[in-house]
1. Mind checking which strands (runs of 3 or more DSSP E) fall wholly inside segment 592-654 and carry at least 2 residues that are basic (Lys, Arg)?
2. Conditions first: (1) among the polar types (S, T, N, Q); (2) surrounded by fewer than 17 Cβ atoms within 10 Å (Cβ to Cβ); (3) within 26 Å of PRO563 (Cβ to Cβ); (4) touching a residue at least 24 places away in the same chain (Cβ under 8 Å). ASN628 passes all but one, so which condition is the exception?
3. How many residues are among the acidic types (Asp, Glu) and surrounded by 17 or more Cβ atoms within 10 Å (Cβ to Cβ) when one looks only at segment 639-680?
4. If only one of LEU697, LEU643, LEU662 is without any contact (Cβ under 8 Å) to a residue 40 or more places away in the chain and either aliphatic (A, V, I, L, M) or touching a Pro at 6+ places or on another chain (Cβ under 9 Å) (or both), which one is it?
5. If the Cβ limit is 6 Å and pairs must be 6+ apart or interchain, which residue in segment 389-408 that is closer than 30 Å to LYS455 by Cβ pairs with which residue that is among the small types (Gly, Ala, Ser) and assigned to a strand (DSSP E or B)?
6. Go over the candidates SER123, SER176 one by one and state the one that is on the phi < 0 side of the Ramachandran plot, of a type in the set (S, T, N, Q) and either open to solvent by 10 Å² or more (accessible area, probe 1.4 Å) or at pLDDT 85 or above (or both).
7. What number goes with the only condition from (1) over 30 Å from ILE376 (Cα atoms); (2) open to solvent by 30 Å² or more (accessible area, probe 1.4 Å); (3) within 32 Å of the chain's Cα centre (by Cα); (4) among the small types (Gly, Ala, Ser) that ALA427 does not pass?
8. With the condition kept exactly as written, say whether any residue in segment 386-403 is modelled with pLDDT of 90 or more and farther than 30 Å from ILE328 by Cβ.
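The values are calculated or read from the model by the stated rules, or taken from the named source; none is laboratory data. None of the values given here were measured: they were computed from a predicted structure. Methodologically, a virtual Cβ is constructed for each residue, glycine included, from the backbone with ideal geometry; neighbour enumeration extends over all protein chains shown. Just so you know, the surface numbers come from the protein's heavy atoms only, side chains and all, with ligands and any DNA or RNA stripped out. Shrake-Rupley method; radii C 1.70, N 1.55, O 1.52, S 1.80 Å.
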Amino acid sequence: MFYVCRSNLKAYVILKIFVTIGCFFTSAFIFAQTYSISGRVVNASNEAVSYANVIITESGTETIVTGTTTDEGGQFALNAIAGGNYTLKISFIGFREAEQELELNKDIILPDIILVEEAETLSEVAITVRKPTLSRQPDRLVFNVQNTSLSEGNVMEVIRRTPGVLVLDDAITVKSSSPVIYINDRKVNLNSSDIIQLLQGTAASTIKSVEVITNPSARYDADSGTIINIVMMKNLITGYQGNVFANYTQGVFPKYNVGTSQFLKNRTTSFFLNYSYNDQKINRENREQVIYPDDTWNSFIDRNTRSETHTINFSFDVDFDDYNRLSISSNMLFLPYFNYRTQNRTEIDPATSGSFAGFNATNLSKDLKHNLGFNIDYEHLFKKNNSKLMFNAHSTLYDYRRNQEVRSTYFGVNDNPLFSNVFKTRADQNTSIYTGQIDYQLPIGQTFTFETGVKYSKVNTESAILQKNIVDFMEVVDPDNSDMFDYDEQVYAAYVNFSKKWAKWSFSAGLRAEQTEVKGVSASISEPNEQDYLEWFPVASLGFEASDAVSIYANYKRSIVRPNFRNLNPFKFFLNDNTIVTGNPGLQPVFIDHFTAGTSVGSHIFEVYYKEYKGNIFELPLQDNQENIVSYTPINFEITYELGFDYLVDFEVMEDWSVSFLSSFYYTKDQIGLFNGQNAEQDIWANYSELTNSLYLLKDKSLVVDLTLNYISENIQGLQRVDPRILSELSLKKTAFKGKGTFSLAVVDLFNDHDFLVTTRFLDQNSSNFSNLDNRLIRVGFRYAFGNTKLSSTEKSLSKEERERLD
């Protein structure tokens, strides 16, 4: 008997609808006209110039359309180019760059192009430091950092300097929401702390730009509400480049990292490799207070984390011809050593003689994990109509192991020991993620583009925790705190996108459908957690170019945030006998509606936005006033509203002094809904402001001084109030050795105001937590570049998604 189950039938119907739409538009526009440009490059002696760099850009812009290199005979050919006006640029080491404007309305065979030799031949790489620039597009803010003063250090430092991006306590946020991290349009499937380690281990000299995409198209996953896309630098000129770097940081404890980046390209293949080793020890102190009905518990906590991390990123591209490209890439993180030690002293006020007056607890955890992500992309360009067909396959393999030992000693009123408690846990998690995606893009002339695609993703996680209590020096299994959790998730997705440009107007719209099937099984829960739902996610953007200096735009997007695996896992992790971190298998997905309208006037950007979160997820320290236990537990809120007004400007005070300033005033209202039978809500107006000054000193501008100040007013995060603070950083960078070496120095937290207090007060909940972070730092670094080409790059056009929610 043949049958189709209900969920698979839904997925089939979705794919059928979108494939039908795609076939219709493909047949309607299959005859879009494209042309070719060919020619020969020679020197003044009429000798062929082999492996010269040939680039086509849109006329009047730096946007690269396509590119190639000349062959052994100096010949080149650029095929499948839509009609329009372009700039042809040809360059080679030791020669002046040649430019030629072209109007392409037929196939063009150019006469010989003669390159004129420079007075001095450049035999090694030279880096020219430029200023970071900002550009606003209707759906994103682009922060260009290639060959700027920010190219030193690591990618995490660039993220911190990106306007509108805030990094607090190992978490990256954009307008109070957590963005999804992409690298070259590929989603990075790491939890927040692992993402920080990956970005800290990647040299900033390897990136071209950072894109803050606030209105991603339907091509991106529906859970990508806001995206930070890190565009990596690629060699376009044939040759080799490399660099080595080292950084030393002194905080409470010393930290250091060393690494290297390598680029290699010939006419048909290119290879990139980045390796970094990080060794760090981080200190953190907390003062916590929990006010119960009959007494107050004051805790003094000292945390030390020591880790060694290896990060490896590589990509390998093969251009079989002008129409076919294969790419293999990977982001890998290895953590062979992670030691987490917490010393905790808790005192109870008032203390009573008939009970304990407090306790001292030591929590020692040792972790071992790796996260390996691999991508295979294939792109085919159709010569007849310049359309693209792209295939992607992705896999992530994640393995995590933790051994923990918690020792608690309870004392009386006079600090005399009363009794002890010891237990050990072993936690394991194995996760595999597999995705497959097909995308099709069809440009119609230079003004219309159609996109469609389908995607399938599967996530499987197997977790187990075993707790043993130490009784009379014997290990005894604790069945109440031992558990297993298996999680399986499948998502079927399809989308269509349309975009159209007129002389002054531009419009794009898309629709994405995702069928989600989730099943979570735990030994401690009698019924499995099953979710099966189909959701539609529209997106639209409208732009108007009033003049070269003035533009207006409006955007709308619906997105989703699915609970991550850690939040769904019901395991109980004991920080001490009375403080627990646990998941919530009953969590539901969050649905977000995001409206934006703004205008750009010269270098000034004004924007207003409104966000509505239904079922927003927050982790709160929920106190049990009967058992005197605090459980850090994620819960769904009924609704969260956010209304904001933003202003951003980027300008030069004088030739050698540039300034960028951003300020956001926003209103937030959190409604938890029913909690212990009662309703609770909080609201507040808050401000986030950022000021960056860059000075370029000395005659050759080889000394760059940057000062960044961030102000965060009092704000709320899920009914928790966070005190205001000021973030600051002063950095100096000096190039040396004919531009091949760079020394850097940075001082972080000039005013010792990075620390913060979080207060939780609603209904019968009353607690506070002050965090003294290890972020007052002095950092020194050095990078040395070498190779035999000028530093140039192009943006790779292959696209792919999927990598997150491994927390």
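1. Details: elements: 604-614, 617-624, 629-636, 639-654.
By residue number, 604-614.
2. (3)
3. Initially, segment 639-680 is screened for residues among the acidic types (Asp, Glu), giving 642, 646, 650, 652, 655-656, 670.
Retained after the next criterion (residues that are surrounded by 17 or more Cβ atoms within 10 Å (Cβ to Cβ)): 642, 646, 650, 670.
Residues flagged as among the acidic types (Asp, Glu) and surrounded by 17 or more Cβ atoms within 10 Å (Cβ to Cβ) within segment 639-680 amount to 4.
4. Numbers: LEU697 fails: without any contact (Cβ under 8 Å) to a residue 40 or more places away in the chain; LEU662 fails: without any contact (Cβ under 8 Å) to a residue 40 or more places away in the chain.
Every option except LEU643 fails the conditions.
5. ALA393/GLY436; THR396/GLY373; LEU397/SER432
6. Details: SER176 fails: on the phi < 0 side of the Ramachandran plot.
Criteria check complete, one pass: SER123.
7. Failed condition: (2).
8. For segment 386-403, residues modelled with pLDDT of 90 or more and farther than 30 Å from ILE328 by Cβ: present.
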